[in-house]
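Below is one structure, written out as structure tokens, with a few remarks after it.
The values are calculated or read from the model by the stated rules, or taken from the named source; none is laboratory data. Small disclaimer: the values here were computed from a predicted structure and weren't measured. Quick reminder, even Gly has a Cβ in these numbers, built from the backbone with ideal geometry, and neighbours come from all protein chains shown.
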Amino acid sequence: MKRTLIALLLTILCLTPAMAEEPQAEIKFDKMSHNFGQFTEDNAVVSTTFTFTNVGDAPLVITQCVASCGCTIPTYSDKPIAPGKTGQIKVTYNGKGRVFGPFTKIVTVMTNAKTKMTRLSIKGEMVEKK
């Protein structure tokens, strides 16, 4: 009885690591932040693109992108990104009707990757037209 129990326990311990290693997506961005610098109120809408690569073993899906403010709009594709392939998230800041001065906004990216949530940031300073 003891030998059977020990053999069963050893079998379970040997198989557990093999079962735990399933393919998983992983996202890697080319940059985590973007600085627009100074721009004037007559050019109050500015955009940047964050490029990412799926460095994992499974398809990557962006499930949601949430901006910290209604003045910031992220645009992305919800189609799966194959391992080794790239995708993009376009982030647009609309300063029309906003107070002049510096700003920092955060875009939270949620995925099916090993790292479920990633935060990207944009910043800049809108100044009065001279």
Exercise for the section: Please tell me if Ala113 is assigned to a loop (DSSP other than H, G, I, E, B), within 11 Å of the chain's Cα centre (by Cα) and of a type outside the set (Phe, Trp, Tyr). Expected result: yes
Exercise for the section: Run Asn43 past the list (1) under 22 Å from Lys28 (Cα atoms); (2) of a type outside the set (A, V, I, L, M); (3) without any contact (Cβ under 8 Å) to a residue 40 or more places away in the chain and report the number of the one that doesn't hold. Expected result: (1)
Fill in the blank from the handout: Over segment 72-97, the set of residues closer than 18 Å to His34 by Cβ and charged (D, E, K, R) is Lys90
Handout entry: Single match in Thr111, Thr72, Thr51 (criterion: farther than 12 Å from Gly124 by Cα and surrounded by fewer than 13 Cβ atoms within 10 Å (Cβ to Cβ))
Key = Thr51
Problem - Qualifying position, being modelled with pLDDT of 95 or more, closer than 15 Å to Met126 by Cβ and surrounded by 15 or more Cβ atoms within 10 Å (Cβ to Cβ), among Thr92, Thr104 - result: Thr92
Practice task
For residues that are part of a strand (DSSP E or B) and small (Gly, Ala, Ser), scanning just segment 87-110, find the one that is nearest to Phe29 (Cα to Cα).
Solution key: Gly87
